[in-house]
Amino acid sequence: MERETDFTAVGGLKVGHAQDLKAATGCTVVLCEQGATAGVDVRGGSPSTRETDALNPVNLRESIHAVLLAGGSAFGLDAAAGVMQYLEERGIGRDVRVARVPIVCGAVLFDLKCGDSRVRPDREMGYRACQNAGTGPFPEGSVGAGTGATVGKINGPACAMKGGLGSSCLQTGDLMVGAVMAVNCMGDVYDGRTRRIIAGARKRGRAAFENTERFMVEHYRDRTDIFSENTVIGVVATNARLSKAEANKLASVAQDGIARAVRPAHTTFDGDTIFSMATGEVETNLNVAGILAARAVESAIVRAVKRADSLGGFPAYRDLFKARK
């Protein structure tokens with residue numbers, strides 16, 4: 001059986017955060033300075049992304065150097081410029097003779113209703129996240145891209161809860177597959193061990209969860225788009241040796257972890273996006289890597305909400321749990 005280890009145990013990776021707690025927004029960067037084979041799977045209906053077309057197996061790019069996860073909605077994509085600057089200054093990128101062009105992919109989430117909507121991740125914040133990147137354990141919860149993340153919005157912001165950023169890495173033999181996930185979903189988050197909601201939409205005036213799936217089914221005639229401010233975004237990384245097509249398949253299978261932990265998942269109101277990065281050190285069966293990826297994604301999502309802190313008027317799991325004690 002697999003054992004749990006640290007995400008950056010996957011060789012060659014660094015993870016860094018930068019955030020503004022007062023404004024409740026931030027970004028997270030996963031660096032692979034030597035380059036990684038990469039793929040992507042966009043499953044939600046409201047995505048906002050960068051450099052996803054480059055990851056199509058029919059296109060030329062064979063490797064990437066970083067993935068940015070950020071708040072700020074589409075404005076947050078500006079932080080990628082800081083990541084590119086950081087890498088270019090260190091001579092990292094695709095050699096085009098007159099320059100080295102770092103390949104930086106990214107996805108953003110909507111956190112403008114938590115904190116100050118006028119402040120968003122920008123070039124400076126992206127650069128700072130790279131400066132903070134390291135190979136050891138890193139903070140989880142209300143940090144980086146998870147700083148202003150919220151979950152469970154079917155009853156509006158007053159009944160929503162704090163989301164966050166979480167990570168998990170599973171290892172069997174010398175094969176490692178890890179996930180870093182920023183959780184800002186419309187739906188409820190379930191703990192697979194108890195099969196119960198641990199974060200999501202709360203009932204108005206009651207200390208109980210609404211159950212978003214049931215609520216939506218009961219109100220099936222309602223076509224109002226009032227929830228396009230959500231998403232789960234993340235990175236799955238492995239030391240496996242994968243082709244570009246296999247890396248895309250790994251990202252696709254990893255989405256199963258979102259479906260296990262978030263209900264409903266992949267709605268038209270979410271922008272669920274997972275990038276994959278493969279550093280190419282271990283031969284493996286792609287299906288095994290996929291099994292571990294889905295489990296790591298599920299675990300990272302649960303950790304994201306359990307380690308979050310209350311912020312911007314949104315209560316966190318740990319505070320509600322203490323209150324019930």
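The values are calculated or read from the model by the stated rules, or taken from the named source; none is laboratory data. Given the structure is predicted, the values throughout are model-derived calculations rather than measurements. Neighbour counts run over all protein chains shown; Cβ positions are idealised from the backbone, glycine included. Keep in mind that these areas ignore ligands, DNA and RNA; they rest on the heavy atoms of the full protein, side chains included. Shrake-Rupley method; radii C 1.70, N 1.55, O 1.52, S 1.80 Å.
Calculated [222 nm] ellipticity per residue, helices only, for the chain: -7000 deg cm²/dmol; basis is -39500 (n - 2.57) per DSSP H run with n ≥ 4, divided by all residues, nearest 500. With a 1.4 Å probe rolled over the protein heavy atoms of all chains, the accessible area of L112, L68, L60 falls in the order L60, L112, L68, largest first. Taken one residue at a time, the phi angles of the range 167-180 give Karplus couplings (6.51, -1.76, 1.60, θ = phi - 60°) of 9, 7, 9, 10, 10, 10, x, 9, 8, 10, 9, x, 9, 10 Hz. Gly and Pro are set to x. Could you work out how far apart the two model spin labels at N285 and N155 are, taking each label as a point 7 Å from the Cα in the direction of the beta carbon, and quote it in nm? Once both label points are built, they end up 4.5 nm from each other. Estimated at the nearest 10 Å², the accessible area of I103 is 10 Å² with a 1.4 Å probe. Altogether, the Stokes-Einstein calculation at 37 °C and 0.692 mPa s, with the Kirkwood radius of the range 228-281 over Cα pairs as Rh, returns a diffusion coefficient of 278 µm²/s. Across F215, F75, the residue with the most accessible area heads the list, and the full order at a 1.4 Å probe is F75, F215. Once all protein chains are placed together, L21 keeps about 100 Å² accessible to a 1.4 angstrom probe.
Of the residues Y220, Y317, Y86, the one with the largest accessible area comes first in the ranking Y220, Y317, Y86, computed with a 1.4 Å probe on protein heavy atoms. Remark: relative contact order (the range 153-294) = 28 percent; criterion is Cα-Cα distance under 8 angstrom and separation of 6 or more residues. In a fully extended conformation the segment linking A54 and R214 would gain 53.7 nm over its present Cα-Cα distance, using 0.36 nm per residue. The mean sequence distance of close C-alpha pairs (under 8 Å, at least 6 residues apart), as a share of the length of the range 213-294, puts its relative contact order at 45 percent. For the chain, the number of Lys pairs separated by eight or more positions or lying on different chains, with C-alpha atoms closer than 27 Å, is 29. Residues whose amide H falls under 5 Å from that of T147, counting only those 5 or more places apart or on a different chain, are G26, with hydrogens built in the peptide plane. Given their separation in residues at 0.36 nm each and the Cα-Cα distance between them, R221 and K203 gain 4.4 nm when the chain is fully extended.
Which residue, G152, G234, G93, has the most motion in a Gaussian network model of the chain that connects Cα atoms within less than 10 Å? Among G152, G234, G93, the largest GNM mean-square fluctuation belongs to G93.
Compare G192, G271, G39 in a GNM of the chain, Cα atoms joined below 10 Å, and give the one with the largest fluctuation. Among G192, G271, G39, the largest mean-square fluctuation in the Gaussian network model of the chain belongs to G192. 3J(HN,Hα) along the range 246-256, derived from phi through the Karplus expression 6.51 cos²θ - 1.76 cosθ + 1.60 where θ = phi - 60°, amounts to 5, 5, 5, 5, 4, 4, 5, 5, 4, 4, 4 Hz, with x in place of Gly and Pro. Over the range 97-237, the Kirkwood radius and the radius of gyration, each from Cα atoms, give a ratio Rg/Rh of 1.04. Give me the dipole magnitude in Debye, nearest 20, for the range 1-48 about the Cα centre, with unit charges on the beta carbon: positive for Lys and Arg, negative for Asp and Glu. Using only the charged Cβ atoms, the result is roughly 140 debye. Counting only heavy atoms of the protein chains and using a 1.4 Å probe, E229 has close to 30 Å² of accessible surface.
The tail of the calculated P(r) for the range 1-135, taken as Cα-Cα distances beyond 28 Å, holds 18 percent of the pairs. Mean-square fluctuations from a GNM of the chain, with a 10 angstrom spring cutoff on Cα atoms, peak among A54, A199, A293 at A54. Our analysis of the range 174-325 gives Rg over Rh at 1.03, with the two radii drawn from alpha carbon positions and Rh computed by the Kirkwood formula.
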